[in-house]
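Here's the structure, in structure tokens; my notes come after.
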Amino acid sequence: MKQLPQSSWNLAQYEKFKKERSQPFWDLLALIPPHPKRRILDLGCGSGELTQQAHQRLEARETLGIDSSDTMLEKSHSFKNSSLHFMQGDINILDEENPFGLKIQGPFDLILSNAALQWVPEHERIFLFLRNLLSEKGEIAIQVPSNYYHPSHRIAFEMAETSPFKEALNGYRPPQSVLAPEAYAQLLYHLGFQEQLVRQQVYPHFLASREDIVEWIKGTWLTAYKERLPEKLYDLLLANYQKALFAELPEQGPIFYPFKRTFLWARR
């Protein structure tokens, strides 16, 4: 595959809220019926730590984790073995001959993705692509953050649409591609999945202060801007974002931070 640009993802920043970020993964695994010896594909595997847990918990025959971030994948080397592998790839590349820009071949018995597909536009298209990578009775298990309209996400999006950030981003906008739960249910039906479960869940987080919300978003949503803006301009965006966010949030702590996520499991 072509060399991917150096990533701005920072594992230490991301894992400041490791416990809170991990719980949806365990809730996602709980949706998957027990069936050993699957061949599993994990899209957006990050450090590979949770991929290893899925590999063991599901008693997989073989598991492949894919992530676009070289920095996130550095830790994965300590988890790989003869049946657990990791590769750097781009989940936006929907090429039948080279899925995700890689020389890999289906079918897979389970395609797993935890908090990654929100970065991919046109979910109708990628879900069709994933279905075609599945075995005859293959399954998908996916979790995506659905928190676009909380001030933590909305303000960042709005701030990037103002000068001088809009011009520097040259038209880039993070995808807002996550569908409503009923739209996913309809999509899975049209794609021919015989069984499905779709649900939305709000996770109640209690953070020490509103500064913690900034730290949370720096580990994920703001990364897309950090990769594309000069350092001084990103610092200005961050300062403006924090000022606007604090204007909408109470000053006193602890802060209640509700975080909405969408889960789906389906079998062909």
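The values are calculated or read from the model by the stated rules, or taken from the named source; none is laboratory data. Every value quoted in this text rests on a predicted model; they were computed, and no experiment measured them. Cβ placement follows ideal geometry from the backbone for every residue including glycine, while neighbour counts extend to all protein chains displayed.
Structure values in brief
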quantity	calculated
Residue count, region 240-266 (criterion: surrounded by fewer than 19 Cβ atoms within 10 Å (Cβ to Cβ) and either within 18 Å of V198 (Cβ to Cβ) or free of Cβ contacts under 8 Å to residues at least 40 places away in the same chain (or both))	6
Out of F100, F25, sole residue that is over 30 Å from V202 (Cα atoms), modelled with pLDDT of 90 or more and either part of a helix (DSSP H, G or I) or not charged (D, E, K, R) (or both)	F100
Filter pass, S152 being touching a helix residue (DSSP H, G or I) at 6+ places or on another chain (Cβ under 6 Å), crowded, with 18+ Cβ neighbours inside 10 Å and at negative phi	yes
Filter result for L130 (under 19 Å from I66 (Cβ atoms) and aliphatic (A, V, I, L, M))	yes
Candidate set from region 118-141 (those that are assigned to a strand (DSSP E or B) and surrounded by 14 or more Cβ atoms within 10 Å (Cβ to Cβ)); member that is nearest to the chain's Cα centre (by Cα)	A141
Of residues in region 91-110 being of a type in the set (D, E, K, R) and farther than 20 Å from E136 by Cα, the one surrounded by the most Cβ atoms within 10 Å (Cβ to Cβ)	D95
Any hit, region 185-197, residues being surrounded by 13 or more Cβ atoms within 10 Å (Cβ to Cβ) and within 29 Å of M72 (Cα to Cα)	no
Yes/no for S113 being more than 28 Å from Q176 (Cβ to Cβ) and either touching a residue at least 24 places away in the same chain (Cβ under 8 Å) or among the basic types (K, R) (or both)	no
Answer residue from region 171-181, given it is touching a residue at least 24 places away in the same chain (Cβ under 8 Å) and in a loop (DSSP other than H, G, I, E, B) and is surrounded by the fewest Cβ atoms within 10 Å (Cβ to Cβ) among those	Q176
Meets criteria (in contact with a Phe, Trp or Tyr (Cβ under 7 Å, 6 or more places away or on another chain), within 17 Å of V144 (Cβ to Cβ) and part of a helix (DSSP H, G or I)) for L50	yes
Odd one out for L64 among (1) in a loop (DSSP other than H, G, I, E, B); (2) over 20 Å from Q13 (Cβ atoms); (3) under 17 Å from the mean Cα position of the chain (by Cα); (4) not aromatic (F, W, Y)	(1)
Matching residues in region 198-215 - criterion: being touching a Ser or Thr at 6+ places or on another chain (Cβ under 6 Å) and surrounded by fewer than 17 Cβ atoms within 10 Å (Cβ to Cβ)	Q200
